[in-house]
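Everything on this sheet refers to the single structure shown next.
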Amino acid sequence: MQTVLTRDPREAARFIKRGETVAFPTETVYGLGANLFDEAAVAKIFAAKQRPPDNPLIAHISDLRDLDLIAENINATARKLIETFFPAPLTLVLHKRARVPFAATAGLETIGVRMPRYELALEFIRACRAPVAAPSANLSGRPSPTTWQAVKEDLEGRIACILIDEQTEIGLESTVVDCTSEAPRILRAGSVTLEQLRAVVPEIQLANIKIENEPARSPGMKYRHYAPRARVHLIKDANELAAREIATREQIESAYIGLREPKDLSRLKICRVCASVEDYARELFRFFRACDAADVQTIFCERVEEKGLGAALMERLRKAADESE
Ligand code: TXA
Ligand code: MG
């Protein structure tokens with residue numbers, strides 16, 4: 001399949017109307033979209049990404065009025081979150097309507113709904129004239145794409161079109177909140193932070209994703225995600241690099257990302273010192289991909305404080321490092 005590259009949201013939307021898949025930018029990461037109500041098109045998303053069939057998709061809307069096409073029995077908590085935050089890098093898990101195909105929800109009776117705040121994303125979805133089901137536009141297991149080049153690297157020849165644009169602003173996927181359980185629960189941290197959510201819904205909980213005998217509430221969380229091919233080590237601060245006394249050979253093939261500059265830069269293949277936690281979040285997935293391209297064997301990532309956006313960043317770092325503390 002030839003993958004068309006375009007900057008025109010209306011041209012991209014024409015592929016959706018024909019039942020094809022299109023990658024498009026949002027404020028978080030690039031998504032791989034298809035018409036939510038077209039089962040065959042939704043199946044193409046899973047095929048292109050090689051996504052496990054038990055991992056549900058997020059429905060993207062451009063207008064709050066479209067919520068009722070997708071979800072029902074929306075409770076007071078969800079309404080409050082919608083009113084306060086939408087459009088936002090925030091996905092709410094709600095009860096799905098019967099017409100939403102199980103192909104999109106991986107058989108669940110619930111559906112994640114998000115209204116992105118990024119103008120080009122909204123224009124694209126509007127032009128599709130239907131809710132757009134979209135996971136991140138990467139091959140399953142790879143870091144989410146924050147540039148159109150990353151989408152192309154993973155999916156060229158496998159999807160109909162890429163709506164090309166700048167690097168995404170936030171760089172981490174949306175916060176996911178389950179509003180169907182008794183107390184709302186955060187299934188995935190993101191740039192709408194726990195602190196911001198608590199200010200509106202004080203009873204909100206962090207989901208314990210390690211509960212074994214409970215059906216996975218957010219099936220996606222059980223897969224190894226965000227992972228470059230290199231081994232990822234989390235370090236307390238940049239100076240731990242030297243303290244580790246890693247073999248010279250390993251150092252040459254290693255890379256570093258963090259907020260502070262390490263003392264001995266000379267032996268690192270790639271070194272990215274970030275100006276802020278926001279900058280770190282924005283750059284992380286692109287950095288992982290650059291490390292893979294440069295055949296880096298070991299990546300050192302500086303830990304950050306787990307508050308605000310730092311909590312979301314640490315969640316991704318831990319997954320990449322396969323740490324489950
Ligand atoms: O920022 C984002 O959320 C991006 C952009 C494109 O919007 N999308 C994205 O989608 O990251 P994806 O599929 O890579 O991640 C969706 C996450 C997965 O962990 C999935 O399991 C969870 O949301 N999820 C989706 N629907 C769910 C549902 N009905 N119940 C529980 N978890 C759900
Ligand atoms: Mg994803």
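Throughout, read-outs are computed from the coordinates displayed, never taken from laboratory work. Every value quoted in this text rests on a predicted model; they were computed, and no experiment measured them. With ideal geometry, Cβ positions are generated from the backbone for all residues, glycine too; neighbour counts draw on all protein chains shown.
Taking the DSSP beta bridges in segment 47-167 as the whole, what percent of them are antiparallel, to the nearest 5?
The antiparallel proportion sits near 75 percent.
Which residue, 128, 301, 271, tops the fluctuation ranking in a GNM of the chain built on C-alpha contacts under 10 Å?
271
List the residues of segment 112-133 whose backbone N lies under 13 Å from a point placed 7 Å from the Cα of residue 97 along the Cα-to-Cβ direction.
130-132
Simple spin-label model, 7 Å along Cα-to-Cβ: residue 76 to residue 167 in nm?
Going from the residue 76 label point to the residue 167 one covers 4.5 nm.
How much FRET efficiency would the formula 1/(1 + (r/R0)^6) give for residue 39 and residue 264, where r is the Cβ-Cβ distance and R0 is 56 Å, rounded to 0.05?
FRET efficiency, residue 39 to residue 264: 0.50.
Where does helix 309-321 land angle-wise versus the long Cα axis of the chain, in degrees 0 to 90, nearest 10?
70 degrees
Express in nm, to one decimal, how much length is gained between residue 276 and residue 119 on full extension, taking 0.36 nm for each residue of separation and deducting their alpha carbon distance.
This chain segment gains 54.0 nm when fully extended.
How much length, in nm to one decimal, is gained on full extension between residue 199 and residue 252, taken as 0.36 nm per residue of separation minus their Cα-Cα distance?
In short, 14.4 nm is gained.
So which residue, out of 272, 114, 198, gets the largest mean-square fluctuation from a GNM of the chain using Cα contacts under 10 Å as springs?
198
Rounding to the nearest 10 and keeping the result within 0 to 90°, find how far the Cα-based axis of helix 39-49 lies from the longest principal axis of the chain.
Once rounded, the angle reads 10 degrees.
At 7 Å along the Cα-to-beta-carbon direction for both residue 206 and residue 156, put a label point, then send me their distance in nm to one decimal.
4.0 nm
Hey, can you grab everything whose amide H is under 5 Å from the amide H of residue 110? Only 5+ residues off in sequence or another chain; H modelled, so Pro and N-termini drop out.
96
What residues qualify as long-range amide H neighbours of residue 27, i.e. H under 5 Å apart, gap of 5 or more or another chain, H built at 1.01 Å from N?
Under 5 Å from the amide H of residue 27: 117, 118.
What Kirkwood hydrodynamic radius do you get for the chain when you take the inverse of the mean 1/r over all pairs of distinct Cα atoms, in Å?
20.1 Å
Against the longest alpha carbon principal axis of the chain, how many degrees, from 0 to 90 and to the nearest 10, is the axis of helix 277-293 turned?
Taking the Cα atoms of the chain, the angle to 277-293 is about 80 degrees.
Of the peptides 282-289, 25-32, how do they stack up when ordered by the mean number of other Cβ atoms within 10 Å, highest first?
25-32, 282-289
Quick check: from the Cα gyration tensor, does segment 26-106 come out rounded (a/c under 1.5), prolate or oblate?
It is prolate, given that a/c is not under 1.5 and a/b is the larger ratio.
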